[in-house]
1. How would you classify region 230-338 from its alpha-carbon gyration tensor, with a ≥ b ≥ c the square roots of the eigenvalues: rounded for a/c under 1.5, else prolate if a/b is greater than b/c, otherwise oblate?
2. Give the long-range amide H neighbours of VAL76: residues separated by 5 or more places, or on another chain, with amide H under 5 Å away, using H modelled in the peptide plane at 1.01 Å from N.
3. Please calculate the 1.4 Å probe accessible area of ARG116, with all protein chains present, and give it to the nearest 10 Å².
4. At 7 Å along Cα-to-Cβ for each site, give me the label-to-label distance between LYS311 and GLN80 in nm.
5. With θ set to phi - 60°, apply the Karplus curve 6.51 cos²θ - 1.76 cosθ + 1.60 along region 252-265 and write out the HN-Hα couplings as whole Hz, x wherever there is a Gly or Pro.
6. Straight distance only, please: which lysines reach the Cα of LYS300 with their own Cα at less than 26 Å, same-chain residues fewer than 8 apart left out?
7. Any idea what the relative contact order of the chain is, in percent, if you count C-alpha pairs under 8 Å spaced at least 6 apart?
8. Counting DSSP beta bridges with both partners in the chain, what percentage is antiparallel, nearest 5?
Amino acid sequence: MIDYRSDTVTQPSDAMREAMMAAPLGDDVFGDDPTVNALEEKAAGLFGKEAALFCPSGTMTNQIAIKVHTKPGDEVVCDQLAHIYNYEGGGIAFNSGCSVRLLSGDRGMFTAKMVRDNINHDDPHFPHTSLVSIENTCNKGGGVIWDAAEAERIGQVCRENGLKYHLDGARLFNALVETGQSTEAAGQPFDSISICMSKGLGCPVGSLLIGRKDFIHQARRVRKVFGGGMRQAGLLAGAAIYALDHHVDRLKEDHQRARALAGIFEQQSWVRSVVPVETNIVVVELEDASQQDRVLEKLKEAGILAVRFGKGKIRFVTHLGITDDDLSQTESGMKMVM
Ligand SMILES: *Cc1c(COP(=O)(O)O)cnc(C)c1O
């Protein structure tokens with residue numbers, strides 16, 4: 001099977017497994033795991049921040065950030081396509097007791113003006129706006145890359161209005177290898193940054209939350225409350241250090257293959273359009289939305305796995321498990337689809 005369902009389906013390479021097995025371990029809840037400590041220091045340094053926290057998932061890093069940045073009854077501003085709103089099980093309400101102001105941006109990307117227009121005045125009728133979150137790249141937007149200048153302007157609005165600013169950077173490295181922006185510059189506007197090791201970077205488990213020392217101190221408490229305190233987690237942190245050293249630049253290959261894949265799909269009669277590819281996500285809009293299940297079934301018969309992505313759309317994601325051979329096989333498999 002050629003598995004385009006997500007960049008989370010990757011298996012750790014032999015070299016990554018070796019790095020995991022060689023990692024010195026300790027009990028991280030006591031702060032004793034040298035590999036976790038090294039990873040957290042490395043991640044903080046990369047983004048020009050003081051500290052970082054290793055967590056089991058990107059959902060947890062996002063939800064911890066929201067919890068630390070808000071009080072119950074506050075309001076969080078994000079796009080209607082945001083992962084924190086759509087794909088985290090209602091966690092903003094469940095964990096933090098906050099309401100959400102959804103913005104209707106362009107493929108998940110909104111403007112500083114939209115943020116300014118959606119900050120509630122200090123009036124007891126309104127929830128207190130306390131946090132803005134952006135997602136780069138935006139998954140539901142089709143792996144699109146934020147304009148760095150707009151992200152900075154939103155940071156300016158946040159500072160002027162006393163709001164915290166969070167980056168859901170589950171696929172941030174996919175954006176940075178395309179734009180060439182440095183990690184330090186990318187992190188500069190934000191109070192907190194979440195990055196995932198288990199997506200395109202190819203680790204089995206893990207995400208990092210990055211920010212100031214006092215923020216991470218509070219985040220560590222919340223991680224424990226959420227049940228995310230891990231013990232000999234250096235086994236996983238070893239994979240993450242390996243990935244940061246060896247799997248960032250190669251993301252460009254995933255993007256090239258995604259563009260090639262889009263080219264293949266554009267030729268197919270069952271495809272109405274392909275959302276322009278910016279990184280490793282290819283979203284195909286079907287000619288006939290009612291054929292979604294049938295197309296997925298036919299793809300599967302041709303040895304190709306993908307996922308439904310809203311009405312009449314199918315998502316394909318490239319990752320380090322996808323080779324040029326897989327692309328050729330995908331192309332020849334197309335005649336079996338329709
Ligand atoms: C995958 C993802 C997350 C976190 O997901 P986990 O599966 O909980 O690690 C967060 N934000 C975005 C945009 C994602 O794609």
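The values are calculated or read from the model by the stated rules, or taken from the named source; none is laboratory data. Note that the structure is predicted; figures quoted are calculated from it, not measured. Cβ atoms come from the backbone with ideal geometry, glycine included; neighbour counts cover every protein chain shown. These area figures cover heavy atoms from the full protein model, side chains too; ligands, DNA and RNA do not enter into them. Shrake-Rupley method; radii C 1.70, N 1.55, O 1.52, S 1.80 Å.
1. Verdict is prolate for region 230-338.
2. SER99, VAL100, ARG101
3. 120 Å²
4. About 1.2 nm separates the two model spin labels.
5. 4, 5, 4, 5, 4, 5, 5, 5, 5, 4, 4, x, 5, 5
6. List returned: LYS140, LYS199, LYS311, LYS313, LYS335.
7. 24 percent
8. 55 percent
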